[in-house]
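> Mind looking over this structure? Questions follow.
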Amino acid sequence: MKPEPSPEIRDRWLAIVNPAAGRPDGGAAWRAIARSLQEAGVAFDVVHTERPGHGEEIARRALLEGRRRIAAVGGDGSVNEVIHGIMDAGLADTRDVTVAVLPHGTGNDWARSLGIGCEPQQIARVLATGRTMLHDVGAIDFPDSGGRRRWFINVAGAGYDAWVTEHVPRPVPSAFTYLGIALRGLLSYSSPEFCVTAGDTRLEGRMLLAFVANAQFCGNRMHVAPTARMDDGLLDVLAVEELSLLEALPKLGKLYTGRILGDRAVRHARAARVRIDTRPTAIIQADGQIVGTTPAEFSLLRQALRVIVP
């Protein structure tokens, strides 16, 4: 029988640092965060990722070794890898795990939804205080392909946002990269026919995209789902009709200020389960990572993770 891990291991944070996240700075951002954590008396160990998907492997192995406090240091993609490692570790109860995001990516949209900024001393205060919430975790299944279940903690989407995500270079050059590619792509992108089933609601037609949101922000500050709550067991669905570049430009202000739900081009629903079918097939992204193609079924594990919040 494997011995029980010591309380010291269980209670000590493991910081999984993505050195490729954010703007190239030779590791200065992480060193500033680490100094602030030490000054705040936070006990932690550090592992750096070395390749895409490595954060998932590190998190899963750490949990199997008995750790129960995992901090993702990076952006939304770094967080997504850690979430996969936790959800696929085979734990009896994932609520035994406490997750923290120490934002130092380009977008940091999940951290923004939680109210955690990028200033190192604030990050350290949040971790030292130790306040938590039980947070929903989104799941995506692909019924036709039988592919692996994928997870998301923030926002998933089908159609144009995933197309833009696929075209964003890695590492992301700047905070405006996503928006620039999104605007240019509208000149040539062809919108699929969508059928979105969200509970008893059915949304059909030629659509630019459909967001499936667990939290509120994506695409670097786009406030796509202002009514989303991260612990209520419901997904917010925003379906946007086909738009030209000239039609999209006036809507940017609404998109960044959380007023997009009032726009005539947007349809909104809330449900615990969502299915998206398209013709032709459309790309699916989850937390800014390409995970598959339609058809796709989205669901939630309610309050499945304990998450550090301010």
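The values are calculated or read from the model by the stated rules, or taken from the named source; none is laboratory data. All values derive from a computational prediction rather than experimental measurement. Cβ: placed from backbone, ideal geometry, glycine included. Neighbour counts: every protein chain shown. Accessible surface is based on the protein model in full, side chains and every heavy atom, while ligands, DNA and RNA are left aside. Shrake-Rupley method; radii C 1.70, N 1.55, O 1.52, S 1.80 Å.
> Go through region 87-106 and count every residue that is surrounded by 23 or more Cβ atoms within 10 Å (Cβ to Cβ) and either assigned to a helix (DSSP H, G or I) or at pLDDT below 95 (or both).
Summing the residues that are surrounded by 23 or more Cβ atoms within 10 Å (Cβ to Cβ) and either assigned to a helix (DSSP H, G or I) or at pLDDT below 95 (or both) in region 87-106 gives 4.
> Which ones in region 244-261 are buried (at least 17 other Cβ atoms within 10 Å of the Cβ) and more than 28 Å from E297 (Cβ to Cβ)? Even if it seems obvious, please write down each step before you answer.
Looking only at region 244-261, we keep the residues that are buried (at least 17 other Cβ atoms within 10 Å of the Cβ), and these are 248, 251, 255-256, 260.
Answer for region 244-261, where residues must be buried (at least 17 other Cβ atoms within 10 Å of the Cβ) and more than 28 Å from E297 (Cβ to Cβ): A248, K251, Y256.
> Could you give me the residue pairs with C-beta distances under 8 Å whose first residue belongs to region 272-285 and is over 13 Å from V196 (Cβ atoms), whose second residue is of a type in the set (D, E) and at pLDDT below 95 wherever it lies, and which are 6+ apart or on separate chains?
I283/E166; Q285/D161; Q285/E166
> Further, regarding this structure: Please specify each residue of region 107-121 satisfying the condition of being surrounded by fewer than 16 Cβ atoms within 10 Å (Cβ to Cβ) and either in contact (Cβ under 8 Å) with a residue 12 or more places away in the chain or assigned to a strand (DSSP E or B) (or both).
G115, G117, Q121
> Within region 262-303, can you find the residues that are at pLDDT 95 or above, crowded, with 19+ Cβ neighbours inside 10 Å and not in a strand (DSSP E or B)?
Hits for region 262-303 are A282, D287, T294, P295.
> Would you be able to say whether some residue in region 191-198 is small (G, A, S), within 24 Å of the chain's Cα centre (by Cα) and open to solvent by 20 Å² or more (accessible area, probe 1.4 Å)?
no
> Separate question: With a cut-off of at least 3 residues that are of a type in the set (A, V, I, L, M), name the strands (runs of 3 or more DSSP E) lying wholly within region 175-244.
Ranges flagged: 201-213, 235-241.
> So in region 6-25, with the set limited to residues that are more than 20 Å from G55 (Cβ to Cβ) and not charged (D, E, K, R), which one is modelled with the highest pLDDT?
P7
> Out of the residues in region 190-242 that are touching a Gly at 6+ places or on another chain (Cβ under 6 Å) and polar (S, T, N, Q), state the one that is nearest to D76 (Cα to Cα).
Here the residue is N220.
> Determine which single condition E241 fails, assuming it passes every other condition in (1) open to solvent by 60 Å² or more (accessible area, probe 1.4 Å); (2) within 18 Å of the chain's Cα centre (by Cα); (3) among the acidic types (D, E).
The number of the failed condition is (2).
> Enumerate the pairs (first residue in region 132-158 and without any contact (Cβ under 8 Å) to a residue 40 or more places away in the chain; second residue anywhere and small (G, A, S) and assigned to a strand (DSSP E or B)) with beta-carbon separation below 9 Å, excluding pairs fewer than 6 apart on the same chain, so at least 6 apart or on different chains.
Within 9 Å, the pairs are R148/G292; R149/A139.
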